[in-house]
Amino acid sequence: MTATDLAAGLFRVLETGDPALAARVVHREFHNREASVAPSACRIAGPAGVLASSAWMRSAFDDLRLPFLETIHNDDQVWVRLRMQGRHSGAFVLFKDGAVDQVVPPTGREIDFEQVHVLDLRDGKVIRHEAVRDDVTMLGQLGVFPPTPAAGMSMLAWKVTGRASRAAADVTSKAAQAAAATATLPAE
């Protein structure tokens, strides 16, 4: 696979949760620098962490799409400029230091914003990921930043009623289950 093919494969895994594709494009020592805001399973090395990240993102956003705008690469690195698109249909749970930081209840709103990702390659697979994302634009599209009164009340109601805690537990479980799917993959 070319460097661009590997990058496209990684983002296709995020869109679909395809374990076989993850095994083909993700190095067993893969590290995602951006996983600090995600469930702990997303910090697992290798395809398992990527599949957990996919489950986390897809639990919050229906019809998740990550179309490329531009790629630049050399033999061991790919830079990808893309758009993150989808509909916010599930709780978007953000973590900090392994604990739930914020839960954004589903708004039904569409998101569409730009990101830049840097992927390091080794042995014909993606081994490292880091990103420059425009999270402020995404949170603005969700009505969370700056907070609208409706978004603030919704987040508060979810917290008070325990829905935020249940949503965080659910997304954490989905990410862990997705990571466990790699146990059925053939060894490299």
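The values are calculated or read from the model by the stated rules, or taken from the named source; none is laboratory data. As the structure is a prediction and not an experimental result, all values here were calculated from the model. With ideal geometry, Cβ positions are generated from the backbone for all residues, glycine too; neighbour counts draw on all protein chains shown. Note: areas computed on protein heavy atoms with side chains; ligands, DNA, RNA excluded. Shrake-Rupley method; radii C 1.70, N 1.55, O 1.52, S 1.80 Å.
Worth a mention:
- Residue satisfying all of: in segment 19-29; out of contact with any Lys or Arg (no Cβ under 7 Å at 6 or more places or on another chain) and open to solvent by 10 Å² or more (accessible area, probe 1.4 Å); nearest to residue 179 (Cα to Cα) among these: 19
- Taking segment 123-188 and the helices (runs of 4 or more DSSP H) fully enclosed by it, the elements with 3 or more residues that are buried (at least 18 other Cβ atoms within 10 Å of the Cβ) are at 149-161, 163-180.
- In the set (1) of a type outside the set (S, T, N, Q); (2) farther than 24 Å from residue 144 by Cα; (3) open to solvent by less than 10 Å² (accessible area, probe 1.4 Å), the condition left unmet by residue 35 is number (2).
- Residue in segment 45-53 that is surrounded by fewer than 20 Cβ atoms within 10 Å (Cβ to Cβ) and under 14 Å from residue 182 (Cα atoms) present: yes
- Of the numbered criteria (1) in a loop (DSSP other than H, G, I, E, B); (2) touching a residue at least 60 places away in the same chain (Cβ under 8 Å); (3) out of contact with any Pro (no Cβ under 6 Å at 6 or more places or on another chain); (4) not aromatic (Phe, Trp, Tyr), the one residue 107 fails is (2).
- Of the residues 95, 30, the single one that is under 16 Å from the mean Cα position of the chain (by Cα) and under 30 Å from residue 146 (Cβ atoms) is 95.
- Boolean, residue 92 is more than 15 Å from residue 130 (Cβ to Cβ), modelled with pLDDT of 95 or more and aromatic (Phe, Trp, Tyr): yes
- Whichever residue in segment 102-121 is more than 16 Å from the chain's Cα centre (by Cα) and open to solvent by 20 Å² or more (accessible area, probe 1.4 Å) and, among such residues, is nearest to residue 79 (Cα to Cα): 120
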